[in-house]
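Beneath this line is the structure, given in structure tokens, with notes to follow.
Nothing in this text is a laboratory measurement; each read-out follows from the coordinates by a stated rule. Worth saying up front: this structure is predicted, and the values here are computed from it rather than measured. Cβ sites come from the backbone with ideal geometry, for glycine too, and all protein chains shown count toward neighbours.
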Amino acid sequence: MKTRTRVTWSNVIKKHKVEPFKYLIPGSLQDIVSAVREAEKCGHRIRAVGSGHSYSDVAITDGHLVDMSQLCRQLELDKNKLLREHQEKFLVEVEGGITVEALNRKLDRQKLALINMGAIDEQTISGAIATGTHGAGRNLPALSGMVRSLVLVAAGGKIYRIEPRAGFTDPAQHNDSDIELIQDDGVFHSVVVSLGCTGIVYSYILEVRPRYWLYENRQPAKWSEVRRKLADGSMFDDYPITINGQQVKRPIRSLFIVVNPYERNGDHTCMVARTFEIEKFHFRTIRDRTRNILATIVSNIPVAYWITLLVVNYLPRFIPAALERSMTALKDDTYVNKSHKVLFQGFEYVASQGHGSEFAYNRYENTYLDVMNVIFAKVKQLSEKYNVYPSSAPTLRFVKASPMYLTPEHEMDVCYIGNPVLVKQKGASLILNEYQDIHLKAGGKPHWGKITNRLEGRTELIRKWYNKFETWRKVMLRFNPDRTFLNSFAERMRLDEP
Ligand SMILES: Cc1cc2nc3c(=O)[nH]c(=O)nc-3n(C[C@H](O)[C@H](O)[C@H](O)COP(=O)(O)OP(=O)(O)OC[C@H]3O[C@@H](n4cnc5c(N)ncnc54)[C@H](O)[C@@H]3O)c2cc1C
């Protein structure tokens, strides 16, 4: 195992830095075991980090920091060890440090694909799953919903294979004496989305699916109409798309809605991106083949970002019009590609100059639609009264309910409202605080990997939202009795307190 000292680690937006006693880069399961035992011997805390793409300090520890980057292999999955009913499924076993991007490439070579993913692919699979990273798709789970089994290194360096009660591995075939098999819903649903507090996850068995193709259609729309259709459910009705010159109505797989928070001509302009599953397109335009490459190049040119930042900070009154133009500029009737290429939004450089909060609401209640009105009023007040112009448009994404105890969509189909803000925008913290206060007042549940500072001091809300919090906490302390895997984020959220 590679060990380094005097390392300064920071998250991708450079907002949180830490100088751990030790920076460890394990290359095997046994390395993680040794790392945990050594930290315990020194009386230090220990925590794994993924790609540092969480905006909060959720990944930080000043004890021993475990860099997962070398644990990025696909493992050989022996299906004979699984219960018979699972043997025919499309499954892969991977080490936790593999990035979503590398996993997509590996799966594609095997003619497989992830069921869904978030808007970028730089996260590690373990980091993304630990905070409940989600994509869009009202009938699709977050990444955590694809986990069928995982290997965890917990207190004392003890290794567990953790699965739901119905089982996944055939207990009769589990003959590894170093790894204890636990098949228990309470444990499984606690450990998958655990913010790194239950130990270090070495590997996952993920359910995937055969490679598939997506068709994306992006259209500008008016919020008044989108709101009405979301309220009556017709926004999810089958939608006409053109395939091989023929118009056909297809079920919507996902909706991604971006809304200009500034009113123009008595309404708010939106961009609605719809995706549809289609059979492979034999004819794809040059633009279909190059959109991601171009988007990636353009969004990785820092000049574009710096120009945006200059406008945002020195000519803020142009922001409403710029956002309005961007809504219509994103119009795109047809984009067809392999699933992961359509799901990847291709804005890594620009996106990592932004941060934001994201809150989940019950999809069947209209609260989230009312919250949008409160956001519009707040943006108007901030800009007209205080000359503070939020620079990004709120987003709406829908995600299927999950059994995981600490994920915002726990047992509830949700709509996530995202509020991105450029990190270097003057007034960014003020804007984010105001957005968070709106959401917390309305009962929204925050995404753990995004900005959550306004939750501090209101942590009783966590107990109120998560009816299985106490079970989660007990499971967490079972694997982490000395609180070795906690950090200051977990302490501020009082995750170890009843
Ligand atoms: C540009 C950008 C776009 C984003 N888009 C989306 C999106 O579309 N949808 C969405 O839901 N989120 C999104 N996010 C948030 C991001 O997906 C999450 O914050 C995710 O957790 C980051 O993964 P990571 O690998 O960087 O993990 P890190 O941020 O490094 O770590 C996250 C957590 O995982 C824990 N962890 C990491 N590895 C392990 C392990 N092996 N065992 C135990 N715990 C571990 C860490 O301790 C920490 O608590 C985005 C973030 C950025 C910067």
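At-a-glance table
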item: Nearest 10 degrees, 0 to 90: helix 367-386 Cα axis against the chain principal axis; result: 70
item: 0 to 90° range, to nearest 10: angle between helix 319-329 axis and the chain longest Cα axis; result: 80
item: Sites residue 310 and residue 236 - FRET efficiency at Förster radius 41 Å, r taken between beta-carbons, to 0.05; result: 0.55
item: Helix axis angle, 469-479 relative to the chain longest principal axis, alpha carbon, degrees; result: 40
item: Potential lengthening between residue 8 and residue 30 on full extension [0.36 nm per residue; Cα-Cα distance subtracted]; result: 5.4 nm
item: Potential extension, residue 37-residue 176 segment - 0.36 nm per residue separation minus Cα distance; result: 48.0 nm
item: Cα→Cβ-extended label distance, 7 Å offset, between residue 75 and residue 441, nm; result: 4.9
item: Label point distance in nm, residue 212-residue 483, each placed 7 Å from Cα along Cα→Cβ; result: 4.5
item: The chain, helix-only ellipticity at 222 nm - DSSP H runs n ≥ 4, -39,500 (n - 2.57), divided by all residues, nearest 500; result: -9000 deg cm²/dmol
item: Extension gain, residue 278 back to residue 264 (0.36 nm per residue minus Cα-Cα distance, nm); result: 1.5 nm
item: Ranking of 437, 413, 67 by count of other Cβ atoms within 10 Å, fewest first; result: 437, 413, 67
item: C-alpha center-to-center spacing [region 221-240, region 43-110] in angstrom; result: 37
item: Ranked list, fewest to most other Cβ atoms within 10 Å of each Cβ, for 270, 415; result: 270, 415
item: Region 2-67: C-alpha gyration tensor shape, a/c 1.5 cut-off, then a/b vs b/c; result: prolate
item: Rel. contact order, % - alpha carbon contacts under 8 angstrom, at least six apart, region 213-455; result: 23
item: Pairwise label distance in nanometres, residue 158 with residue 365, each label 7 Å out on the Cα-Cβ vector; result: 3.9
item: Percentage relative contact order, region 2-67, counting C-alpha pairs under 8 Å, at least six apart; result: 39
item: Within region 301-423, percent of DSSP bridges classed antiparallel, to nearest 5; result: 95
item: Cα-centred dipole magnitude for region 2-67, charges only on beta-carbon of K, R (+1) and D, E (-1), debye, nearest 20; result: 160
item: Residues of region 62-88 with amide N under 20 Å of the 7 Å Cα→Cβ point at residue 166; result: 79-88
item: Relative contact order, percent, the chain [alpha-carbon distance under 8 Å, six or more residues apart]; result: 18
item: Cα-Cα over 23 Å, subset of 15/41; 158/474; 158/450; 14/380; 400/445; 14/450; result: 15/41; 158/450; 14/380
